[in-house]
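**Q** Take a look at this one; I'll ask things after.
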Amino acid sequence: MMMKFLRARTAPNPRSDNNGIGWGFKSVILYSTQILTSRNSKDSLFNRISVAGDPRVSMLPILDQWVERGRNVDLYEIKTLIKHLREYNRFNHALQLSEWMAHRWNLALSPGDIAVQLDLVSKVHGLEQAEKYFSNIPGPLKTFKVYGALLNCYASNKSLDKAESIMQKMREFGVLRKSLSYNVMLNLYSKMGKQENFNALIQEMEEKGISCYPSTLYVRLNAYAAVPDINGMEKLLSLMEANHLFTVDWHAYIIAANGYMKAGVTEKSLTMLKKSEQHINGWTGFAYEMLLTLYASLGDKDEVYRIWGLYKKLGKLYNRGYFRMISSLIKLDDLDGAENVLVEWESVNTSFDFDIPNLLINAYSRKGHLEKAEACISRAVERGQRPTAGTWDRLATGYYKDNQMAKAVETMKKAITAEQRGWKLNRVTLTACVKYLTENGETEAADEFCRLLPESGHLLRRSKNKVNSVKHKTCADIVNKIDGDDLQAEENAHGVTELKYQSSA
């Protein structure tokens, strides 16, 4: 795949970032078009790629057309754009640019470039492909940056044993000298509730004299808040505030507010949110997005609207901000308000992102407001947009809950055939559609429905009988293998209140 780009090492670009693999607080899982403002002209390569936000759209025609028209392409600008695409979760596009860059200039990638591609391969194609990529990297190029990128891949996938194995190799190779990789492991231990491992790693850092950078303190603070260990969180926050060499920013108080909220200490959580707001400096849209989310979680609608007003005063809003506000209002069950914000987004947005209307489509479908869900989809289609698999999947589930099984079947077919990398169809709705067809004697239609599935694993992938791929004579055989208790658990996770549909026959 990317292996042919791995040639002899060349000197890295002195202006390039290291490997881009670092610990930090992640934003919502949403691709965004907020990349860069216009450079010297409105018709820039940056702007062309920025507005093409749909991850299903390839960037290669844009790049090739730009070059064919004799326009200049600067290597540093391409690397900068890759960095920003990653920051806004447009990983598929970033990987396309990285591969195109290597082909275009016939580059021998530096360890930093390799680390970036390794991370992108993992995010776009999965951990197994990332491991294959790593195994093909020549030994001299497997530097601290590359091992750090692989460690981050394992941590992101919560592959604890593999992450610990790579961490040990980094110790043995003598490349574990900075806090970055320790922060990755500390964050992983925190997420997986491995408090003893967490404490042991902190002790190892202290014994080896590895500097405790601010990022490490934030990892520790976040770990205390996640438990929540209020005593430990308060002590660490006090130490951070007392350290004159360290500036506590808005994010520390966001973490503390989240810890208090988890512990049910609402008043202290609200106090921390106010302190966080006081520490916001400059254009910090992400800070306001965090405030929106936490105030919504605390059920404070007035504060959500107040923060939204402040956010809008910052200037132009982008997809991520609208996503946060709409999801916050849905959490507060203010669907009318969410619809108003969606209409506003539709009127000012220049780069469509189906994840935003999908929020309301999902909410309407779950509450049985199917006409409103249909209207949202129709407006998008009228603008020339293609609904995603998630769009149709949500609507099909709404039809299933409302006992409109004929519509559920037709809509689920659209979900199956729509392109959306990584989307997992609602297995409960899938199974209900197949049962509806078979129980109404439409066995041929049921078999045709199943043939649309890439593999029978859509229905079997998490069954307790551990069957992952089995050849069955008919679609009914697949359905009969489904474990009822497993379906019930998955249905609860999807928020579907009724497991069985009433046959319309």
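The values are calculated or read from the model by the stated rules, or taken from the named source; none is laboratory data. From a predicted model like this one, the values you see are computed outputs, not experimental measurements. Cβ coordinates were reconstructed from backbone atoms using ideal geometry, including for glycine residues, and neighbour counts include every protein chain displayed. To get the accessible areas, we keep the full protein, side chains included, count just its heavy atoms, and leave off ligands, DNA and RNA. Shrake-Rupley method; radii C 1.70, N 1.55, O 1.52, S 1.80 Å.
**Q** Is the C-alpha gyration tensor of region 79-196 telling us rounded, prolate or oblate? Criteria: a/c under 1.5 is rounded; beyond that, a/b larger than b/c is prolate, otherwise oblate.
**A** Verdict is prolate for region 79-196.
**Q** In what sequence, highest mean first, do 243-254, 186-197 appear when ranked by Cβ atoms within 10 angstrom?
**A** Highest-to-lowest ranking by the protection proxy: 186-197, 243-254.
**Q** Label points 7 Å out from Cα along the Cβ direction at Lys169 and Leu245: separation in nm?
**A** Using points 7 Å along Cα→Cβ, the separation is 3.5 nm.
**Q** Are there trypsin sites (Lys or Arg not before Pro) in region 387-439 that DSSP marks as loop and that have at most 15 other Cβ atoms within 10 Å, and which are they?
**A** Arg421, Lys424
**Q** Now for a separate question. Sort 150-161, 121-132 by packing, meaning the average of other beta carbons within 10 Å per residue, with the highest value first.
**A** 150-161, 121-132
**Q** What ranking do 363-370, 262-269 get when scored by the average of other Cβ atoms within 10 Å per residue, highest first?
**A** Per-residue Cβ counts within 10 Å, averaged per peptide and sorted highest first, yield 363-370, 262-269.
**Q** Solvent-accessible area of Asp300, probe 1.4 Å, all protein chains present, reported in Å² to the nearest ten, please.
**A** Surface open to solvent at Asp300 totals about 40 Å².
**Q** Can you return the aspartates and glutamates within cross-link range of Lys316? Criterion is Cα-Cα under 15 Å, with same-chain partners fewer than 8 residues away left out.
**A** Glu289, Glu344, Glu346
**Q** Quick query: amide H of Arg90 versus all other amide H atoms, modeled in the peptide plane; which residues come in under 5 Å with a sequence gap of 5 or more or a different chain?
**A** Result for Arg90 returns Ser32.
**Q** Can you compute the modelled spin-label distance between Ser297 and Asp161, with each label point 7 Å from Cα toward Cβ, in nm?
**A** So the two model labels end up 3.2 nm from each other.
**Q** Further, regarding this structure: As a test of reading the structure, rank His93, His279, His103, His84 by solvent-accessible area (1.4 Å probe, protein chains only), most first.
**A** His103, His279, His84, His93
**Q** Past the 25 Å Cα-Cα mark, which pairs from Lys208/Lys268; Lys235/Lys262; Lys145/Lys275; Lys123/Lys331; Lys367/Lys424; Lys268/Lys367?
**A** Too far apart for the 25 Å limit: Lys208/Lys268; Lys145/Lys275; Lys123/Lys331; Lys268/Lys367.
**Q** Something else about it: For region 362-404, what is the Kirkwood estimate of the hydrodynamic radius, computed as the reciprocal of the mean inverse distance between distinct Cα atoms, to one decimal in Å?
**A** 10.3 Å
**Q** In nm, to one decimal, how far is the modelled label at Glu267 from the one at Glu77, with both set 7 Å along Cα→Cβ?
**A** About 5.7 nm, to one decimal.
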